[in-house]
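First comes the structure, then the notes that go with it.
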Amino acid sequence: MSTPATPALRRVPLPEGTLPVGAALLVAGFATYAFFKVGEVALGGEDAFKPIVALWFATFALAAGFFLPLEQEMGRALSHRRAQGEGGLPVVRRIAVLGAAITAAVLLVLAIASPTVTKEYFDGDWWMLAAFATAFAAYAPAHLARGICAGMGRFRSYAFVIGSDGVIRIVACVALAALGVSNPAPYAFAVALSPLVAVVVVSLRGDLATEPGPEAPMSEVTQNLGWLLIGSVCAAALLNAGPVTANLLASDDEAKLVVWFGFGVLLARIPLFLFQAVQAALLPRLSRLAARNELAEFRDGLRKLMLLVGAVGVIGTIGAFVIGPFAIDAVYNATLSGRTLAMLAASSAVYMAGLATAQAVIALQGHAFVAAGWVIAVVTFVLGTWLSSDLLFRRIEIGLLLSSIAALACFGVALRHQLRAGVAPTPDSVMDAITDMPVES
């Protein structure tokens, strides 16, 4: 016999949408692998495809880092108002203004630094810089749309925004390839503009509509925004740090290696993509336990989740070492050693464990601890990459693994502290935890 939902549980909306969200994450993941394959073939090889790889990882490091916290706060605030029977339009307007301010500030910094960024990162290609700026601006409304859909309980639309981005991108890529386009710029703008299609569709369907309501003071939409912003920027930067750093450190004649490294990172992320899809179904159960303050069951559920993460990580790392070189050669015609792929898979597995632990800490109101943990992880990556080796791949692999270990250790200590202190989760902190998914498509 099922237990009736408490008022707190009714304010945690995501469980009803776990299946479409999980499916959308899988679709987005597969679309990513297809885009990299089709794009590399269409552009005629690694040298021409290198700017797209550089653009890709920089875009998702920056956009997810800055806009995921706004999505989280939008979903949390709207969910809270929906439970109170209050209209959410003032919340949407307030967070939209914050999003516009963040977008303008980052674009201003990018414009000031554009000569250096273009020369050092995009090899002097100003079209890539323009696409990069466009992509960053385009992901602002996409994340806000996701926040509205999550907060209003419109989870099919939430899943549509996640999944359609990758689908639109690969469709555009195939169309450009069929037309014989061999200039990287149109493919770059396919990456940049793809998130806007879903925003237009869900808007026309009325799924972004909200009702008028009481004014939203700044405190209502920024309860944990600062900590979420710090943590999200660092987490997304760390997730994409490998290819970005490889692009910065590689010499002019190592373009092929940069592209191959990007392929290797994508291959190593397969367990992470699958984990997020599964987690979309598992995390709401943990959140319900946290919301009921059933911490013994919460610990047991988290332990089982971590065992799953560990099993997936071990299998993924062994698989990367044994069959990874053959798989990456067959799919992308790239050459990477089993050691490199195993190191990338191991760092991805530890990152996955760290992410799951961080979400549990956030559910227990440990936003500041999570922000500090991701900052420590980024510092560890910089030091590990700088001091460990002179070899391009090895120094990055070591930096990624050490930084993921540092993050997991910090979150483990924080989780233990919050559990021992008997911190009671709130519906708002649970909502923040559920929507804390920095792996972008």
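The values are calculated or read from the model by the stated rules, or taken from the named source; none is laboratory data. Values in this document were obtained by computation on a predicted structure and should not be read as measured data. All Cβ positions, even for glycine, are placed from backbone atoms using ideal geometry, and neighbour counts span all protein chains on display.
Values as computed for the structure displayed
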{"quantity": "Qualifying positions in the range 405-428 - crowded, with 24+ Cβ neighbours inside 10 Å and modelled with pLDDT under 85", "calculated": "PRO425"}
{"quantity": "Residue match in the range 147-154 (condition: modelled with pLDDT under 90 and among the aliphatic types (A, V, I, L, M))", "calculated": "yes"}
{"quantity": "Residue tally, condition hydrophobic (A, V, I, L, M, F, W, C), surrounded by 21 or more Cβ atoms within 10 Å (Cβ to Cβ) and assigned to a helix (DSSP H, G or I), over the range 364-382", "calculated": "6"}
{"quantity": "Residue within the range 66-84 that is surrounded by fewer than 18 Cβ atoms within 10 Å (Cβ to Cβ), over 27 Å from LEU238 (Cβ atoms) and touching a residue at least 40 places away in the same chain (Cβ under 8 Å) present", "calculated": "yes"}
{"quantity": "Pair list, Cβ under 6 Å, 6 or more apart: the range 394-421 residue over 18 Å from VAL382 (Cβ atoms), other residue among the aromatic types (Phe, Trp, Tyr)", "calculated": "ALA414/PHE369"}
{"quantity": "Within the range 141-192, tally of residues that are in contact (Cβ under 8 Å) with a residue 40 or more places away in the chain and in a loop (DSSP other than H, G, I, E, B)", "calculated": "5"}
{"quantity": "Count - residues of the range 63-105 that are of a type in the set (Val, Ile, Thr) and within 21 Å of the chain's Cα centre (by Cα)", "calculated": "3"}
{"quantity": "Flag for GLU86 being charged (D, E, K, R) and modelled with pLDDT of 90 or more", "calculated": "no"}
{"quantity": "Boolean, ARG395 is part of a helix (DSSP H, G or I), out of contact with any strand residue (DSSP E or B) (no Cβ under 7 Å at 6 or more places or on another chain), of a type in the set (Lys, Arg) and buried (at least 17 other Cβ atoms within 10 Å of the Cβ)", "calculated": "yes"}
{"quantity": "Hey, ALA135 farther than 27 Å from ALA209 by Cα and either modelled with pLDDT of 95 or more or touching a Cys at 6+ places or on another chain (Cβ under 9 Å) (or both) or not", "calculated": "no"}
{"quantity": "Top-ranked residue of the range 209-223 - restricted to ones that are part of a helix (DSSP H, G or I) and touching a residue at least 60 places away in the same chain (Cβ under 8 Å), ranked as nearest to ILE396 (Cα to Cα)", "calculated": "VAL221"}
{"quantity": "Residue in the range 224-241 that is closer than 14 Å to ALA77 by Cα, assigned to a loop (DSSP other than H, G, I, E, B) and among the hydrophobic types (A, V, I, L, M, F, W, C) present", "calculated": "no"}
{"quantity": "Criterion: farther than 29 Å from GLY45 by Cβ, modelled with pLDDT of 90 or more and under 25 Å from the mean Cα position of the chain (by Cα) - qualifying residue of VAL191, VAL221, VAL201", "calculated": "VAL201"}
{"quantity": "Matching residues in the range 111-138 - criterion: being assigned to a helix (DSSP H, G or I), out of contact with any Phe, Trp or Tyr (no Cβ under 6 Å at 6 or more places or on another chain) and buried (at least 16 other Cβ atoms within 10 Å of the Cβ)", "calculated": "SER114, VAL117, TRP127, ALA130, PHE132, ALA133, THR134, ALA135, PHE136, ALA137, ALA138"}
{"quantity": "ALA113 being more than 21 Å from ALA159 (Cα to Cα) and not hydroxyl-bearing (Ser, Thr, Tyr)", "calculated": "yes"}
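Residue-by-condition table, conditions (1) crowded, with 22+ Cβ neighbours inside 10 Å; (2) at pLDDT below 75; (3) more than 26 Å from the chain's Cα centre (by Cα); (4) under 21 Å from VAL191 (Cα atoms):
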site: SER2; (1), (2), (3), (4): no, yes, yes, no
site: THR6; (1), (2), (3), (4): no, yes, yes, no
site: PRO15; (1), (2), (3), (4): no, yes, no, no
site: LEU19; (1), (2), (3), (4): no, yes, no, no
site: ALA24; (1), (2), (3), (4): yes, no, no, yes
site: ALA28; (1), (2), (3), (4): yes, no, no, yes
site: TYR33; (1), (2), (3), (4): no, no, no, yes
site: ASP47; (1), (2), (3), (4): no, no, yes, yes
